[in-house]
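Notes follow the structure.
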Amino acid sequence: MPITLDGTNGITTPMYNGSITANAVTPVTGFKNRIINGAMVIDQRNAGASTTPAVTYTLDRWQGVNTQASKFTVQQNAGSVTPPVGFINYLGVTSSSAYSVLTGDTFYMVQYVEGLNCSDLAWGTANAKTVTLSFQVYSSLTGTFGGSLANSAGNRAYPFSYTISSANTWTSISVTITGDTTGTWLTTNGIGIQVRFGLGSGSTYTGTAGAWGTANATQPTGSTSVVGTNGATFYITGVQLEVGSTATSFDYRPYGTELALCQRYYEVLTYNANSEIVSSYLLTGSFYKSYWYFKVNKRASPTITLVSGSWTNQTPTANPQVEAVLFVNSSGYFYASGTSGNVGLSASSEL
């Protein structure tokens, strides 16, 4: 009976193929792509709606960062262009004005790779491994664009550049980066690597392309500024960060697996048919409580937010843990009410 490994949590599952062959073993592959939701298929927060980032998460695992508010919007499949072959979704950025970037400005999209998911790279040591970043990109602008890889403290960064020669055309990009042998790189459940895609930055946040430095550069000097042109678009998908000096085929994971990977950092609990999120029960005297057991254990104790609807009777006190949240109330029942089908509660343990 062949055994397969799901590549995410080390759980093996027997798979029956109709016959039993002695010593038959399916090849095992690991977590090749360190980027989660690189194909931009998961959007728990916005369900495809446009959002204006204020240093906030957009599509799952992708945060929009800016030093000036309301300069760009982010939407899954913005502009409704045809995705590149092999993909059905992309992250779309649209500039909201023709903004002249100031010295201390920076605008970018970033994914924070958890240290536990990149500890094998051995960055910060003499054994640092080389990695390759690959992706598909599409823009209404042409020229030299850029981004960077950085550590959690932002005091070690590698700005990289790439060229988009044809406007409104999907372009395959591959960048090979020699691992950093110095600096501090977390191998905990904190930020291991920041993977950034620049949208416009001033000199405070730019640096020399193709080399490790101590400045907190988000992109190379002279990069095209997406926020500098009103209505300019920047679309990206198929983002992959892998060990080695060559880009390989994109690591497609089952949708359920990708969703579970995202839910380690963010999960939502929706209303039921009675427009309830959680309903309390009387434990003893006037003490009421209810549990929300997460589908996936969180990276750390999460922040619980009521994102739609309202609490009925009394707002409970939430005591979050990585496995579940206990809601308690010492004065009467509580439950959250709202429109059936809308998102109700969120649990966020983002990096």
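The values are calculated or read from the model by the stated rules, or taken from the named source; none is laboratory data. These figures come from a predicted structure and were not determined experimentally. Cβ atoms come from the backbone with ideal geometry, glycine included; neighbour counts cover every protein chain shown.
The figures follow:
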quantity: Count of residues meeting criterion [touching a residue at least 12 places away in the same chain (Cβ under 8 Å) and part of a strand (DSSP E or B)] in the stretch 306-351; calculated: 22
quantity: Residues (buried (at least 20 other Cβ atoms within 10 Å of the Cβ) and either in contact with a His (Cβ under 9 Å, 6 or more places away or on another chain) or closer than 23 Å to D60 by Cβ (or both)) located in the stretch 321-331; calculated: V325
quantity: Criterion (within 28 Å of K71 (Cβ to Cβ) and under 20 Å from the mean Cα position of the chain (by Cα)) met by exactly one of G202, G207, G190, G198; calculated: G198
quantity: Qualifying position, being surrounded by 18 or more Cβ atoms within 10 Å (Cβ to Cβ), among the aliphatic types (A, V, I, L, M) and in contact (Cβ under 8 Å) with a residue 40 or more places away in the chain, among L59, L121, L102; calculated: L121
quantity: Matching entry among F294, F287, F334 (being within 29 Å of R34 (Cβ to Cβ) and either surrounded by fewer than 16 Cβ atoms within 10 Å (Cβ to Cβ) or outside the structural domain of V113 (by TED's automatic domain parsing) (or both)); calculated: F294
quantity: Of residues in the stretch 246-287 being of a type in the set (D, E, K, R) and outside any loop (DSSP other than H, G, I, E, B), the one farthest from R45 (Cα to Cα); calculated: E276
